[in-house]
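Working notes, structure below.
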Amino acid sequence: MISKEKRVFKSDMNLKLYEYGEITLHSKNQFELRLDYSVDPQDEETKFELESYFFIPQSFRITPWNYPKERFYEDMQVYIRFNPVLITLSELINPANPISPLNRSMEFMKRIFAGDTSTEIVPNIIHELKMLAVIVTASVKKHTELIRTLLQIEDITSQDLVDTKKQAKEFLNQLQAFNFTFQKKRKEFITPFTPIELKETFDFVLEYISISVQHELTKLMTFMTQKTPLAGEFTGLVTNIKNVLKKERDFRSTCGFTSVLNQNEENEEFTYRYSILKKFTTNVLYLTARPDPSPRLMTELTYAAAAGIAMLIAVLLTYVVQLFFEDYTLPFITARVVSYMIKDRLKDWLRLIFGQEGRFRNPYDYRSTIKDNEGNKIGYSKESFRFIKTPPQDIIKHRSSSHMTKIDGEGRPENIIKYNKSIKLYPKAISEFHSRVLNTSDIIRFDVSNFLSKIEEPYNTYQWYNSEEQEVEFINAARVYHLNLIVRFTHHSLKGKISDINRVRFILDKRGIKRIETEFT
């Protein structure tokens, strides 16, 4: 019997969706859709729309009767956050840069040392230090991604190689200069005059930046050493990266930070610590989007109107019955009972149609107001979930693009879920409140665990004839399913409307997502 495959989950696997986002495997049962909302700061408002269609194999047994909208929203996690502006590492430590969060935090520290006891100083310094962390990590990630992208160019020339080496060397020089400057600032925070909250915040930010730098540099070094036939071209750079990584580890150990990986250990402290640090620092970017409460008075008035309309029709039916039948006869009583039944059902139907869940009253399930950390309203979002029978023709065309014949498509019956999300942002208001953020990202994580509960085991066993051994043997064959997701993303602005459609296919089995695909044959 052939042994079963060993599954290796690639947590950093991601697929770009044109210019507006990407899809990433977040875990074996969860994928992440990130949408980027780029806006013009001069616009009063701009709108984005997401239409997503889940084509679910009927073998999953996901239907409107066992998978209501409440469960769908439970399977989904949504985060909306600002994207920080990109500032070079050299500009972050440039004393003349007025928007550098490092410079701003040190200016506030001078006020503390001068005896200023204003209540807003400590929160302002914490905010600046967190902004420094997210800007540094974003800058380092952009640098390493760019270098990896340049090295993947087909038919790379010797001049391209020289330019990429130069860029990588300049990046490492900037990084080391930033680390040297920032780490020296620790002495100014570890003083008897510094509030304990600021001491802890500085160390949290310092530790988080160090771990993030380690993560990105390790990925870059691995790429440089494994990228053949160019592996031997980066010996000097790889040596420099190793030195930086060693310095970062030694520095964290010297400071007494617990985020140090050790061989032959479970390193659970590292994982837990990194998670805490990341949430603490990045929450400066996250926005709140809480569903708006439904107006109770309007709901009650709607229900009262439904009852009134139903009663009016019942009275009219009673009047008609009295014209045709004598009082208290069997036909009269029967007709009155039927009219009451109609009235009772009609009242509930009208409440359903025009009430909070009704399609005439509200085509969306939730409407949420988007606010920043200071409570400023910067936009709103709407969401809806439906099972549908027939999607639009262009969506059908994308779904059937890999079907060789019509029979091929009919042999894969599917149920279709449509999830809509509409986002409206106020760029001008955002630019008034914030100087180092503008564009936002919408992060949607979806858990497919509920889709997998009723499907078959990941392997089926078959008999086959081994011609070499001349005997019948048993062999395992992987049992997989295809979950297709088609997304249409539309950006409305003063310049017009831009719309893109992408199709993504998830290859799943009983244990979760095996891989994702965007090219189909």
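Tabulated data for the structure shown
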{"item": "Per principal axis, descending, Cα span of the chain in whole Å", "result": "103, 87, 47"}
{"item": "Kirkwood Rh, angstrom, the stretch 71-162 [1 / mean 1/r, Cα pairs]", "result": "16.6 Å"}
{"item": "Vicinal HN-Hα couplings computed from phi for the stretch 186-202 (Karplus, 6.51 cos²θ - 1.76 cosθ + 1.60; Hz; Gly/Pro x)", "result": "4, 5, 6, 8, 8, 9, x, 8, 8, x, 4, 5, 6, 4, 5, 4, 4"}
{"item": "Least to most buried among 151, 129 (fewest other Cβ within 10 Å first)", "result": "151, 129"}
{"item": "Between 0 and 90°, nearest 10: helix 101-113 axis offset from the chain longest Cα axis", "result": "80 degrees"}
{"item": "Degrees between helix 235-254 axis and first principal axis of the chain (Cα, 0 to 90, nearest 10)", "result": "80 degrees"}
{"item": "Inter-centroid distance (Cα atoms) of the stretch 25-100 relative to the stretch 167-236, Å", "result": "27 Å"}
{"item": "Proximal charge balance of residue 42 [Cβ under 12 Å; K/R count +1, D/E count -1]", "result": "-3"}
{"item": "Dipole magnitude (debye, nearest 20) for the chain, charges at Cβ of Lys, Arg, Asp, Glu", "result": "500 debye"}
{"item": "The stretch 165-283 - convex hull of the alpha-carbon atoms, volume per residue in Å³", "result": "123 Å³"}
{"item": "Zero-based 5 Å bins, Cα pair distances in the stretch 134-174, whole percents", "result": "5, 23, 29, 22, 13, 6, 2, 0"}
{"item": "Residues 509, 327, sorted so that the one with the fewest Cβ neighbours within 10 Å comes first", "result": "327, 509"}
{"item": "Linear extension gain, residue 435 paired with residue 467, 0.36 nm per residue minus alpha-carbon span", "result": "4.3 nm"}
{"item": "Residue exposure sequence - 474, 387 - by fewest surrounding Cβ within 10 Å", "result": "474, 387"}
{"item": "Extension gain (nm, one decimal) between residue 477 and residue 73, 0.36 nm per residue minus Cα-Cα", "result": "142.0 nm"}
{"item": "Segment residue 142-residue 61, extension gain: residue separation times 0.36 nm, minus the distance between their alpha carbons", "result": "24.9 nm"}
{"item": "Rg ratio (alpha-carbon, reference 2.2 N^0.38 Å) - the stretch 185-225", "result": "1.64"}
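Every number in this text was worked out from the coordinates using simple rules, so none of it is lab data. Just so it is clear, the model here is predicted, and its values are computed rather than measured. Cβ atoms come from the backbone with ideal geometry, glycine included; neighbour counts cover every protein chain shown.
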